[in-house]
């Protein structure tokens with residue numbers, strides 16, 4: 001079996017093209033598995049995985065749990081809101097307590113950027129970053145890339161525009177890294193108050209007009225407006241945002257070509273995209289959700305292969 005070049009999945013930044021291709025190839029295999037009548041395989045039967053979520057998450061947490069169950073792993077679930085973290089326990093203490101229960105892998109979501117990396121330096125377990133602040137969300141980018149690959153057969157030369165709240169989005173950064181490594185062209189679109197100032201240093205062009213961006217792209221990745229991460233008001237109102245940067249069926253149908261619509265979820269229907277766009281034939285949002293389980297199975301399986 002080919003192996004990943006890394007011991008942990010901390011961010012797309014640390015993966016090379018071969019790693020990404022191996023994860024896609026393995027996910028393809030697991031996608032066949034989860035579409036069979038018996039969806040379980042014994043691949044991780046003796047592996048114990050702790051899911052540590054220091055931040056609310058429904059979809060990512062469920063997707064990881066399902067992936068772990070499909071692989072027959074033993075699972076410990078931990079949520080910080082109901083734990084000693086609220087009493088002041090540190091991240092290291094929490095994790096060391098969990099590791100003393102002989103855990104092999106830790107899937108962690110944390111509000112602080114770099115938390116997963118910090119953990120990987122201090123504990124003896126494989127770490128999977130399930131999102132660290134506004135930094136990276138590697139499995140989301142992997143499932144997004146995999147979904148585009150399924151649709152078009154190749155990522156090389158594809159034009160992908162990421163629209164919306166790029167400033168607060170860990171999904172955007174991970175996707176930029178992944179798509180560029182796989183040879184796609186990436187641009188971002190949104191109000192300048194929601195675009196990071198350093199974005200051009202990543203080789204990404206900014207388009208401020210949505211119609212121009214949509215006419216350029218093959219794939220439009222619409223991001224959720226993350227009001228919970230905004231300390232100050234970065235645009236006048238959601239209504240004004242949706243008038244300038246929301247995608248409705250009328251705009252979609254008026255474009256020069258058929259484009260593919262993606263969204264990492266959860267969708268604010270009527271803000272980033274309208275329901276008729278989210279549920280249209282051009283949307284692959286539900287494919288993204290299905291591919292999430294296969295991608296996470298692939299990541300866990302490949303990292304488990306590196307457990308001594």
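None of the figures in this text is laboratory data; all of them are computed from the coordinates on show. Note that the structure is a prediction, hence the values are computed from the model and not measured. Counting neighbours? That spans all protein chains shown, and the Cβs are built from the backbone with ideal geometry, glycine included.
As a test, work out the antiparallel percent of DSSP beta bridges whose residues both lie in the chain, rounded to the nearest 5.
Bridges in the chain that DSSP calls antiparallel: roughly 5 percent.
Could you give the angle, 0 to 90 degrees to the nearest 10, between helix 17-34's Cα long axis and the longest principal axis of the Cα atoms of the chain?
Once rounded, one gets 80 degrees.
Any chance you could give the angle, 0 to 90 degrees and rounded to 10, that helix 170-181 forms with the longest Cα principal axis of the chain?
Its long axis makes an angle of about 90 degrees.
I'd like the FRET efficiency for residue 75 and residue 208, computed as 1/(1 + (r/R0)^6) with the beta carbon distance as r and R0 of 35 Å, rounded to 0.05.
0.20
How far apart, in nanometres, would the label points at residue 193 and residue 36 be if each is projected 7 angstrom from Cα along the Cα-to-Cβ direction?
5.3 nm
Can you list the equivalent-ellipsoid semi-axes of the chain, largest first and in whole Å, using the square root of 5 times each Cα gyration tensor eigenvalue?
Largest first, the chain gives 32, 22, 17 Å.
So how do 182, 297, 108 line up by other beta-carbon neighbours within 10 Å, fewest first?
So the residues, fewest neighbours to most, are 182, 108, 297.
Rounded if a/c is under 1.5, else prolate if a/b is larger than b/c, else oblate: which is region 1-145, with a ≥ b ≥ c the root eigenvalues of its Cα gyration tensor?
prolate
I need 132, 19 ordered by Cβ neighbour count within 10 Å, fewest first.
Listed from fewest to most nearby Cβ atoms, that is 19, 132.
Taking only Cα atoms, what is the 0 to 90° angle, nearest 10, from helix 59-70's long axis to the longest principal axis of the chain?
40 degrees
Can you give the calculated 222 nm mean residue ellipticity of the chain, where each DSSP H run of n ≥ 4 adds -39,500 (n - 2.57) and the sum is split over every residue, rounded to the nearest 500 deg cm²/dmol?
-11500 deg cm²/dmol
So what's Rg/Rh here for region 138-288, counting alpha carbon atoms and using the Kirkwood radius for Rh?
With Rg and the Kirkwood Rh in hand, the quotient comes to 0.92.
Between residue 96 and residue 29, what is the FRET efficiency for a Förster distance of 45 Å, r being their Cβ-Cβ separation, to the nearest 0.05?
E between residue 96 and residue 29, to the nearest 0.05, is 0.80.
Which of 276, 93, 248 ends up with the largest GNM mean-square fluctuation for the chain, with Cα atoms connected below 10 Å?
93
Rank these for me by crowding, 139, 208, 48, going from fewest to most other beta carbons within 10 Å.
In increasing order of surrounding Cβ atoms, one gets 208, 48, 139.
Taking the Cα centroid of region 190-207 and of region 1-73, what is the distance between the two, rounded to the nearest whole Å?
What the calculation gives is 31 Å, centre to centre.
Shape of region 116-196 from its Cα gyration tensor (a ≥ b ≥ c, root eigenvalues): rounded if a/c is under 1.5, otherwise prolate when a/b > b/c, or oblate?
oblate
Got the relative contact order for the chain handy, in percent, Cα pairs under 8 Å and 6 or more residues apart?
Normalised by residue count, the contact order of the chain is 21 percent.
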